[in-house]
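The values are calculated or read from the model by the stated rules, or taken from the named source; none is laboratory data. Computed from a predicted structure; not experimentally measured. Cβ sites come from the backbone with ideal geometry, for glycine too, and all protein chains shown count toward neighbours.
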Amino acid sequence: MRRSSLRPSRSRPRIAAACIVAVAAAVVGGCGASDSSYEVTDVRERPDGGPPPRLGASPASRFGAEDADAARPGWTAATPQGWTPLPPAPMRELGWRVAGDPKADCTFSTLGGTGGGLAANVNRWRKQMSLADTTPEEVAALPTRTWMGRPARVVELAGTFVGMGGNASVEGAKLLGLVLELPAATAFLKMTGPAAVVDAERERFFSLADSLKMGAAPASDPHAGVGARDAAASAPAKAPFAWTVPAGWKEQGPRDMRVATWAPEGTTKTEVYVTVLAGTGGGAFANVNRWRGQVGLDDLTSEAFEQLPRAKVLGVDAVFVEVEGTFKGMAESGGDAGSMLLGMFLQRPGRAVTVKMTGPAEEVRRERERFRAFCESFHE
């Protein structure tokens, strides 16, 4: 049975900035070192000159909730015509005044892990609009829209907007929002204001969503969002460690939220990718169960989680997982039957690292040992 996205999170959500990309990975059938040897085709080394660059303070670090060196990527967007960028603030990465209306604004923010879950966030927004909580069935029926290449939930509400302060501020208001689960984080884009303004700016809202990305905006873009000027210094160019890529793995182009991606030679839909996340990235237990949910499996109990194979990677115990089923990713329907997912999660001070491999089970099984060798090759 597929894990419902409406289940409450097992751990208290922590404020975290957008994840920086995380690792594609996989588990091997066992934990012991492999006897196989592999031809080295690529060795990634960390640049000399000390520790990896600081990538910007997260909202969590501003509150003292995370290590001050925890990294966050620089998010940029093309500001819609007639909108005015607002400076970053607690609980938002980017913000805009909408159409010059002092009662209308739009915010983009991220939270680590599931951010509390889809149902909790939808009901949080409903409370801001003076509405009662909705039912799990209504949450599950919310429409989807592709955002950052993934299916995001579209939320539209009408009521009296009171924000998070509890004081009525805008009667006859509307809220238009997107909720998207990314690897080990959840992204939110929300526009609120008088109903007439929100309705009129609907298309510009979705255009803004389509333009959101990590990294610097083009210098020629006159509407570059707040954060574009320092995004080049914020976006990670390399992981803060090195690795050895197995023979036959072909590096793919840049992908949002990932350090690097590979496609093993001779495969059709299999990919491997690495991600580095700020803070705990939601933790190993939550990530393992999120991966299980992506192939239609129930959550592990804490006792079963403790029995998962582990091995030393970068000097710490890494957790490995191997699951099979119908891979849906973050989608609510469809998916690829007969899929396999291999994953690795490890926690370092201020950062979490994940590696994930997904694809047809037959293809992924052929890459098990290479996946394990890749993970165990990580070094500083």
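Inside the range 347-380, can you point out the residues that are in contact with a Lys or Arg (Cβ under 7 Å, 6 or more places away or on another chain) and within 20 Å of VAL288 (Cβ to Cβ)? The one that is in contact with a Lys or Arg (Cβ under 7 Å, 6 or more places away or on another chain) and within 20 Å of VAL288 (Cβ to Cβ): GLY359. Here the range 123-151 is the region considered, the condition is being small (Gly, Ala, Ser) and free of Cβ contacts under 8 Å to residues at least 40 places away in the same chain, and the residue that is surrounded by the fewest Cβ atoms within 10 Å (Cβ to Cβ) is ALA132. One residue is enough: does the range 85-107 have a residue meeting the conditions farther than 30 Å from GLY335 by Cα, under 17 Å from the mean Cα position of the chain (by Cα) and surrounded by fewer than 18 Cβ atoms within 10 Å (Cβ to Cβ)? Yes, the range 85-107 contains at least one residue that is farther than 30 Å from GLY335 by Cα, under 17 Å from the mean Cα position of the chain (by Cα) and surrounded by fewer than 18 Cβ atoms within 10 Å (Cβ to Cβ).
Residues in the range 285-328 that are assigned to a helix (DSSP H, G or I), of a type in the set (Phe, Trp, Tyr) and touching a residue at least 24 places away in the same chain (Cβ under 8 Å): 2 in all.
Pairing each residue of the range 357-380 that is at pLDDT 95 or above with any residue that is assigned to a helix (DSSP H, G or I), provided the two are 6+ apart or on different chains, yields C-beta distances under 7 Å for MET357/VAL364; MET357/PHE371.
Listed here are the residues, each with its yes/no results for (1) within 26 Å of GLN252 (Cα to Cα); (2) surrounded by fewer than 24 Cβ atoms within 10 Å (Cβ to Cβ); (3) at pLDDT below 95.
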{"site": "ALA278", "(1), (2), (3)": "yes, no, yes"}
{"site": "GLY296", "(1), (2), (3)": "no, yes, yes"}
{"site": "PRO309", "(1), (2), (3)": "no, yes, no"}
{"site": "ALA352", "(1), (2), (3)": "yes, no, yes"}
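Specify which of the listed residues (TRP147, TRP96) is at pLDDT 90 or above and over 30 Å from VAL353 (Cα atoms). Please lay out each step first, then the result.
Details: TRP147 fails: over 30 Å from VAL353 (Cα atoms).
That would be TRP96, the only listed residue that is at pLDDT 90 or above and over 30 Å from VAL353 (Cα atoms).
Annotation: GLY266 fulfils all but one of (1) crowded, with 18+ Cβ neighbours inside 10 Å; (2) assigned to a loop (DSSP other than H, G, I, E, B); the unmet one is (1).
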